[in-house]
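Here the structure comes first, spelled out in C-alpha cells, and everything after it is commentary.
The values are calculated or read from the model by the stated rules, or taken from the named source; none is laboratory data. All figures in this text were calculated on a predicted structure; none of them were measured in a lab. Note: ideal-geometry Cβ built from the backbone for every residue, glycine included; neighbour counts use all protein chains shown. To get the accessible areas, we keep the full protein, side chains included, count just its heavy atoms, and leave off ligands, DNA and RNA. Shrake-Rupley method; radii C 1.70, N 1.55, O 1.52, S 1.80 Å.
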Amino acid sequence: IGKEYAMEGITCNAIAPAVVKTKMVEEMPEDQVRYMTQKIPMQRCGTIGEIASLVAFVASEEASFTTGFCFDATGGRSVY
C-alpha cells in the first residue's frame, strides 16, 4: 500500500509495539507481566506516552518521506 499511494502523497506505515503499560496490563498478575518483560531487552513495558510520541512522529510532516515501513516499539525484543 505504501508503494501504491506514494505518488499521491499518501504514506502508509505501521507501529508494532510490545507490551505497553495500559490499564489492562496493570490489572494482570505481576508474575505474568514480569514473564513478558523479561523477554524485552529493556526489561520493562513501554509507556502510552512513548507510543503516542511515535504515532505523532509517524503522522507528522517530519516523516513524510517514509512509507511502507513498520516502526519497532518493542524495547529491542524484535532484534533477536
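For the stretch 23-45: of the residues being closer than 23 Å to Val79 by Cβ and part of a loop (DSSP other than H, G, I, E, B), which is farthest from the chain's Cα centre (by Cα)?
Gln38
Could you look through the stretch 51-80, keep only residues that are among the polar types (S, T, N, Q) and surrounded by 15 or more Cβ atoms within 10 Å (Cβ to Cβ), and pick out the one that is nearest to Gly2 (Cα to Cα)?
Step one: list which residues in the stretch 51-80 are among the polar types (S, T, N, Q), which gives 53, 60, 64, 66-67, 74, 78.
Keeping just the survivors that are surrounded by 15 or more Cβ atoms within 10 Å (Cβ to Cβ) gives 67, 74.
Details: Thr67: 5, Thr74: 22 Å.
So the residue we want is Thr67.
I'd like the full set of residues that are exposed (fewer than 14 other Cβ atoms within 10 Å of the Cβ), among the charged types (D, E, K, R) and within 27 Å of Gln43 (Cβ to Cβ), limited to the stretch 4-29.
Hits for the stretch 4-29 are Lys23, Glu26, Glu27.
Which one of Ile1, Ile48 is under 12 Å from the mean Cα position of the chain (by Cα) and open to solvent by 50 Å² or more (accessible area, probe 1.4 Å)?
Exactly one residue qualifies, and that residue is Ile48.
Select from the stretch 43-58 the residues that are out of contact with any strand residue (DSSP E or B) (no Cβ under 8 Å at 6 or more places or on another chain) and either modelled with pLDDT under 95 or not aliphatic (A, V, I, L, M) (or both) and list them in ascending order.
Across the stretch 43-58, the qualifying residues are Gln43, Arg44, Gly49, Ser53, Phe57.
Under 8 Å between Cβ atoms, at least 6 apart or on separate chains: pull out the pairs that start in the stretch 1-30 with a residue that is over 12 Å from Ile48 (Cα atoms) and end on any residue that is aliphatic (A, V, I, L, M) and open to solvent by less than 50 Å² (accessible area, probe 1.4 Å).
Final answer for the pair search is Thr11/Ala63; Asn13/Val58; Asn13/Ala63; Ile15/Ile51; Ile15/Leu54; Ile15/Val58; Ile15/Ala73; Ala16/Ala73.
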